[in-house]
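Enquirer: Quick one: structure below, then a few questions.
Where a number appears in this text, it was derived from the coordinates with a stated rule and is not lab data. Predicted model only: the values in this text are computed from it and were never measured. Cβ placement follows ideal geometry from the backbone for every residue including glycine, while neighbour counts extend to all protein chains displayed.
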Amino acid sequence: MADKLGIIAGSGDLPRMLIEACRASGRECHVIAIEGHTDPDVVKDVPHDWLRLGAAGKAIEIGRALNVRDVVLAGGIERPSLSSLRPDWRALQFIMRFGRKSLGDDGILRLVIAEFEAEGFRVIGPDTVLQDLKPEAGLLGNHAPDQTAEDDIARGRDVLRSMSAADVGQAVVVQQGLVLGVEAIEGTDALLARCGPLRREGDGGVLIKLSKRGQERRADMPTIGPDTISAAAAAGLRGIAVEANATLIVDRKRTVELADQHGLFLIAVAGE
């Protein structure tokens with residue numbers, strides 16, 4: 001029997017899917033639900049504790065008390081300001097020790113993982129439990145990109161490669177060679193909403209979503225799902241390109257069906 005799994009749950013569908021996978025396999029799990037981020041319906045029928053985001057010490061205490069061995073970080077977390085974080089003593093020590101090094105998206109996740117591992121926990125990626133979510137390279141639906149879209153994908157890859165060094169974002173929207181927007185702290189859905197009004201005449205744009213170079217994939221693997229398809233269609237895009245074997249597709253069957261219904265191509269491209 002696999003070790004008890006501790007799920008630190010943010011927003012979105014991943015926490016629910018992890019809980020369901022544990023139930024299906026008979027694996028014990030305990031959820032740390034984050035106030036203001038986790039959907040209460042997701043955890044109502046599973047052992048859980050509610051904690052505010054700054055209560056790092058309490059999360060570690062709970063994990064130890066429950067003999068949790070494996071920990072998975074799943075779902076979105078909107079990064080708070082320091083004034084609203086209200087860190088406990090453990091979190092405050094963390095902030096004081098690492099300071100500005102912890103400001104980047106990937107940087108802070110690496111440090112959080114290191115902190116848990118220093119306490120004897122083993123941090124694993126959601127894909128370790130949900131092993132069928134990562135697509136292989138190739139088309140995932142009935143529509144394929146034409147040459148204009150292929151050029152936009154190539155342009156997007158170049159942009160994201162340049163952004164990697166700055167530890168900023170995983171996604172970019174390109175239309176006919178023009179960069180309509182890059183993902184920052186707002187997330188992919190907000191990026192798509194922002195790019196909709198910027199659409200040019202002619203062939204629609206493409207969302208390109210890739211992992212950053214050297215990214216800590218156990219905690220922040222690029223993820224899309226049905227909501228991404230709906231947002232892309234509303235923004236007037238013609239397709240989405242994700243990184244093969246390095247992207248989680250939540251509810252893959254429904255995601256591909258929606259892409260087909262909206263006439264969007266969905267393709268997994270090889271990484272660097």
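Enquirer: Report the convex hull volume per residue for segment 162-231, counting only C-alpha atoms, in Å³.
Expert: Details: hull volume 6.3 nm³, N = 70.
Expressed per residue, the convex hull around the Cα atoms of segment 162-231 is 90 Å³.
Enquirer: For segment 138-269, what Kirkwood radius comes out of the mean inverse Cα-Cα distance, in Å?
Expert: Details: mean 1/r = 0.0699 Å⁻¹.
Kirkwood radius, segment 138-269: 14.3 Å.
Enquirer: What ³J(HN,Hα) values, in whole Hz, does the Karplus curve 6.51 cos²θ - 1.76 cosθ + 1.60 give for segment 115-130 when θ = phi - 60°, with x put for Gly and Pro?
Expert: 5, 5, 5, 5, 8, x, 7, 10, 8, 10, x, x, 5, 5, 8, 9
Enquirer: Dipole size in debye (nearest 20) for segment 138-269 around its Cα centre, Lys and Arg Cβ +1, Asp and Glu Cβ -1?
Expert: Values: 15 positive and 18 negative charges, 46 e Å.
The calculation lands at about 220 debye.
Enquirer: Can you list the residues, at least 5 places off or on another chain, whose amide H is less than 5 Å from the amide H of Q170, using H built in the peptide plane?
Expert: E183
Enquirer: Which cross-chain or sequence-distant (5 or more) residues have an amide H under 5 Å from the amide H of V31, H modelled 1.01 Å from N in plane?
Expert: Residues meeting the criterion, in which the H sits 1.01 Å from N, are I7, H48, D49.
Enquirer: Just the number, please: percent antiparallel of the DSSP beta bridges in segment 162-259, rounded to the nearest 5. Working shown, then result.
Expert: Details: 8 of 14 bridges.
Bridges in segment 162-259 are about 55 percent antiparallel.
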